[in-house]
1. Among the strands (runs of 3 or more DSSP E) contained in the stretch 95-178, which hold 2 or more residues that are crowded, with 19+ Cβ neighbours inside 10 Å, on the phi < 0 side of the Ramachandran plot and within 16 Å of the ligand (Cβ to nearest atom)?
2. Counting residues that are touching a residue at least 40 places away in the same chain (Cβ under 8 Å), in contact with a helix residue (DSSP H, G or I) (Cβ under 9 Å, 6 or more places away or on another chain) and farther than 19 Å from residue 164 by Cβ, which helices (runs of 4 or more DSSP H) fully inside the stretch 189-265 reach at least 1?
3. Could you check, for the stretch 187-207, whether at least one of its residues is at pLDDT below 95, within 15 Å of the ligand (Cβ to nearest atom), on the phi < 0 side of the Ramachandran plot and buried (at least 16 other Cβ atoms within 10 Å of the Cβ)?
4. Could you grab me the full set of residues in the stretch 29-51 that are surrounded by 15 or more Cβ atoms within 10 Å (Cβ to Cβ), touching a strand residue (DSSP E or B) at 6+ places or on another chain (Cβ under 7 Å), over 11 Å from residue 304 (Cβ atoms) and at pLDDT 95 or above?
5. Condition first: farther than 20 Å from residue 41 by Cβ and part of a loop (DSSP other than H, G, I, E, B). Now tell me which residues in the stretch 59-77 satisfy that.
Ligand SMILES: [Zn+2]
């Protein structure tokens with residue numbers, strides 16, 4: 001018997017994405033700008049509307065369920081949002097229960113990093129492995145861990161917040177309020193901040209020139225590096241040093257066979273990877289030095305596909 005299809009939802013601070021997923025493949029998709037002002041009630045309407053556009057009533061009866069990938073921290077055991085910095089009205093919202101009642105379908109809520117780790121494990125760059133760490137590097141740094149052939153959940157399903165691994169006692173302030181987290185050094189906005197500083201110091205470089213007409217962000221560094229701008233190349237070497245340091249700690253903690261990197265910053269994967277590997281070769285304890293870092297196989301769909309696969313699996317287990 002083939003795997004039943006499921007709906008995957010990616011709830012983000014800027015976009016809500018919904019997909020019909022079957023055997024790891026996105027069959028149909030729809031998206032909308034997140035109604036941040038409207039809060040949970042308005043976004044639930046968006047979910048239902050988007051599901052309606054990709055999945056007819058007849059088809060809906062055959063679905064395994066709906067898997068939601070959302071930013072954490074959230075309690076995946078009770079299906080409750082705890083706090084989403086970009087969605088302030090959602091604190092304590094029992095998303096799983098409310099949506100399951102509304103739709104009459106099984107619903108599962110998972111942290112976006114954990115859902116993406118599951119998607120990559122089943123259908124992406126982690127297929128066939130027993131141990132892996134997935135890290136997404138974008139506006140923040142998040143992730144998920146598979147050890148001993150199982151997705152790591154921890155208390156209240158909150159394990160795998162790899163972005164808040166503390167790298168220094170002094171340094172940039174993190175989105176969580178603490179100082180010196182991996183995320184505060186390595187996420188896209190941190191790269192953007194360093195780039196703006198360099199643009200001011202080197203007005204003759206590409207970043208300096210571009211800064212006259214636009215606000216410099218991380219993506220400009222990648223663009224400049226592709227044009228061999230020395231400042232941009234140096235900024236990416238520094239970015240790789242932070243990523244390499246964080247990944248080395250994750251390798252020591254979980255002994256994965258592979259680190260899988262996703263998120264917006266992974267657009268520069270080809271420019272970063274040699275330097276990331278050099279840091280791991282230099283700093284990891286001897287038997288860990290050969291652990292490779294690879295790019296996510298499902299791109300921006302890791303979380304959607306993973307959330308859909310998680311609800312399919314949960315429903316299969318129950319039957
Ligand atoms: Zn933090």
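1. Working: elements: 107-111, 132-137, 141-147.
In the stretch 95-178, 132-137, 141-147 are the strands (runs of 3 or more DSSP E) which contain 2 or more residues that are crowded, with 19+ Cβ neighbours inside 10 Å, on the phi < 0 side of the Ramachandran plot and within 16 Å of the ligand (Cβ to nearest atom).
2. Details: elements: 206-210, 218-226, 230-254.
Here the list reads 218-226, 230-254.
3. Within the stretch 187-207 (the criterion being at pLDDT below 95, within 15 Å of the ligand (Cβ to nearest atom), on the phi < 0 side of the Ramachandran plot and buried (at least 16 other Cβ atoms within 10 Å of the Cβ)), the answer is no, since none of the residues qualifies.
4. 30, 32, 34, 43, 46, 47, 50, 51
5. Hits for the stretch 59-77 are 61, 62, 63, 64, 65, 72, 73, 76, 77.
The values are calculated or read from the model by the stated rules, or taken from the named source; none is laboratory data. Keep in mind that this is a model prediction, so the values were computed, not measured. Reconstructed Cβ throughout: ideal geometry from the backbone, glycine too, with neighbour counts over all protein chains shown.
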